[in-house]
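Some notes on the structure that comes next.
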Amino acid sequence: MMNAHRNSPKASPGRISTTLKHLFDLDSKNNSNKLSSSPKIVRQSSSDPESEGILSLISHCSVIYTFTDPLESPSQQDIKRNKLIQLLSIVKSPKMSLPEQTLSPLVNMISANLFQSLPPSNNNAITADLLEDEEFASALSPTWPHLQLVYDILLRLVLNVDPKVLSNYIDQSFLTNVLCLFQSEDPRERESLKNVYHRIYSRFTFYRSFMRKSMNEAFLHYIFETEKHCGIGELLEIWGSIINGFTVPLKEEHKLFLMRVLIPLHKTKGMQLYHLQLSYCVNQFVQKEPMLGGIVVRGVLRYWPITNCHKEVLLIGELEELVDNIDPDHYRKLALPLCTQITRCLNSWNSQVAERALYIWNNEQFVKMANSAIEEVFPVVVEGMEKNLKWHWSKSVKQLTENVKAMLEEMDPSLYEKCLQEIGHKEYLAQQEEVKRKKRWERIELEAAKSQFLQPQKFICVSH
């Protein structure tokens with residue numbers, strides 16, 4: 001798919017991949033397939049000095065420099081950068097309109113610069129955001145001085161040229177290549193890609209279905225196969241804007257995206273790196289259709305981490321936001337599973353998890369939800385509170401537990417007292433069972449000792 005190497009030393013600085021003659025040949029082949037364009041944006045014209053000047057700039061910009069090959073000339077690299085700046089000023093200028101015959105060479109030049117194999121990852125991290133400072137610096141693309149300008153040219157092209165005209169050159173294959181570049185470890189490149197891809201989605205309405213499907217495939221490949229992709233956060237940012245524009249009632253396609261892609265994204269090891277964007281997307285769905293809140297809450301609980309405390313803290317915050325948006329008719333159904341998980345968290349030996357779980361009781365909607373199924377919820381919660389007060393090592397957690405306990409006692413004093421009595425009765429039964437168990441073992445040990453005493457000893461003689 002990507003047919004050159006961005007950092008390959010084989011790229012020769014003096015080799016021009018697209019000559020003027022080749023550009024004109026490509027243009028003549030594509031003329032028969034072009035759609036009519038707006039005369040204010042792109043003009044059709046025969047070969048003239050202005051077109052030749054633009055094609056000359058494009059030709060210079062098609063030379064690929066790796067910035068790692070010692071044989072490359074820094075002065076030639078600077079010349080290319082200046083040519084890119086000139087080309088960008090032409091594309092940006094509201095007074096100048098691009099001749100249509102330059103569009104094909106221009107897109108070919110952009111493809112030659114962008115669509116190259118990404119360098120191998122420097123480590124096994126999920127994304128460059130996890131790297132130390134020195135490793136992070138090594139993940140930055142050395143070709144960025146040129147790439148930045150190429151991305152700016154592409155963005156201006158997308159914004160200024162009629163999508164119907166540009167669709168002859170920016171096709172589905174081009175969009176697939178752009179999507180692959182989101183795996184770049186360079187955050188500057190991913191930010192530029194996000195802007196370009198989002199603008200294409202916004203203006204090229206006839207590509208929207210294809211682009212959504214392509215992004216979904218990238219997500220699923222990440223979730224179920226590799227769990228390595230640097231651009232998940234940026235892709236979710238694009239999706240956040242897309243979801244914001246969905247009309248109500250939501251289409252079945254969009255609900256399936258929520259259930260099959262967004263909810264499973266909670267289970268990956270690198271979730272904390274894109275959780276902010278993921279939480280925004282999920283909450284957008286629930287705000288549009290509060291009835292989806294129950295599906296989301298159960299999905300998050302299904303993928304709850306066991307040993308990752310940072311993820312637990314993030315998910316507790318997400319659940320709190322969801323409770324604010326879900327349909328109150330679902331409160332009673334969700335109260336017990338939600339409060340059970342929060343109680344497990346407040347009993348966590350990690351003080352950050354325990355404190356975050358206790359703070360959720362300050363949320364008015366969460367308390368309202370718990371109150372909707374108070375008979376089922378209180379036995380679980382009260383037992384968790386008493387465990388904390390008796391066994392937890394953190395003084396701050398114990399203090400917060402005391403505060404929550406006081407609030408719960410005010411909600412229903414008689415029920416709280418009843419729960420305490422049930423807990424006491426359970427402990428008494430457990431103690432009785434422990435006494436019985438010990439007596440059984442003592443009898444077994446006594447019988448074993450008697451059997452060993454009565455059994456005659458056997459000796460084995462070994463002759464040397």
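The values are calculated or read from the model by the stated rules, or taken from the named source; none is laboratory data. Quick caveat, the model's predicted, so the values are computed rather than measured. So basically every Cβ, Gly included, is an ideal-geometry build from the backbone, and we count neighbours across all protein chains shown. Keep in mind that these areas ignore ligands, DNA and RNA; they rest on the heavy atoms of the full protein, side chains included. Shrake-Rupley method; radii C 1.70, N 1.55, O 1.52, S 1.80 Å.
When E217, E237, E191 are checked against the criterion of being part of a helix (DSSP H, G or I), modelled with pLDDT of 95 or more, open to solvent by 10 Å² or more (accessible area, probe 1.4 Å) and under 20 Å from E318 (Cα atoms), a single residue qualifies: E237.
Report whether or not F246 is touching a helix residue (DSSP H, G or I) at 6+ places or on another chain (Cβ under 7 Å), assigned to a loop (DSSP other than H, G, I, E, B) and more than 30 Å from T307 (Cα to Cα).
Numbers: touching a helix residue (DSSP H, G or I) at 6+ places or on another chain (Cβ under 7 Å): yes; assigned to a loop (DSSP other than H, G, I, E, B): yes; more than 30 Å from T307 (Cα to Cα): yes.
Answer is yes for this residue.
Taken over the range 410-453, the residue count meeting the criterion of being surrounded by 11 or more Cβ atoms within 10 Å (Cβ to Cβ) and without any contact (Cβ under 8 Å) to a residue 24 or more places away in the chain is 5.
Note on the range 81-113: residues that are of a type outside the set (A, V, I, L, M), within 23 Å of I64 (Cα to Cα) and more than 33 Å from the chain's Cα centre (by Cα) amount to 9. Among the candidates I232, I242, I223, the residue that is within 23 Å of I170 (Cβ to Cβ) and modelled with pLDDT of 95 or more is uniquely I242.
Number of residues in the range 259-278 that are in contact with a Cys (Cβ under 7 Å, 6 or more places away or on another chain) and either among the aromatic types (F, W, Y) or at positive phi (or both) equals 0.
If you check N350 against the conditions, is it open to solvent by 20 Å² or more (accessible area, probe 1.4 Å) and modelled with pLDDT of 95 or more? Spelling it out, N350 is indeed open to solvent by 20 Å² or more (accessible area, probe 1.4 Å) and modelled with pLDDT of 95 or more. Each residue in the range 299-312 was checked for being among the hydrophobic types (A, V, I, L, M, F, W, C), out of contact with any His (no Cβ under 7 Å at 6 or more places or on another chain) and closer than 12 Å to Q341 by Cα, and 3 pass. Exactly one residue among G317, G294 is modelled with pLDDT under 95 and either open to solvent by less than 40 Å² (accessible area, probe 1.4 Å) or touching a Lys or Arg at 6+ places or on another chain (Cβ under 8 Å) (or both), and that residue is G294.
Of all residue pairs spaced 6 or more apart or on separate chains, those with beta-carbon atoms under 9 Å, a first member in the range 72-85 that is over 20 Å from Y151 (Cα atoms) and a second member that is open to solvent by 50 Å² or more (accessible area, probe 1.4 Å) and at pLDDT 90 or above are S73/I79. Close contacts from the range 380-393, counting a first residue that is over 15 Å from E355 (Cβ atoms) and open to solvent by 50 Å² or more (accessible area, probe 1.4 Å) and a second that is assigned to a loop (DSSP other than H, G, I, E, B) and not basic (K, R), with Cβ to Cβ under 9 Å and a gap of 6+ residues or different chains, come to K387/N347; W391/N347.
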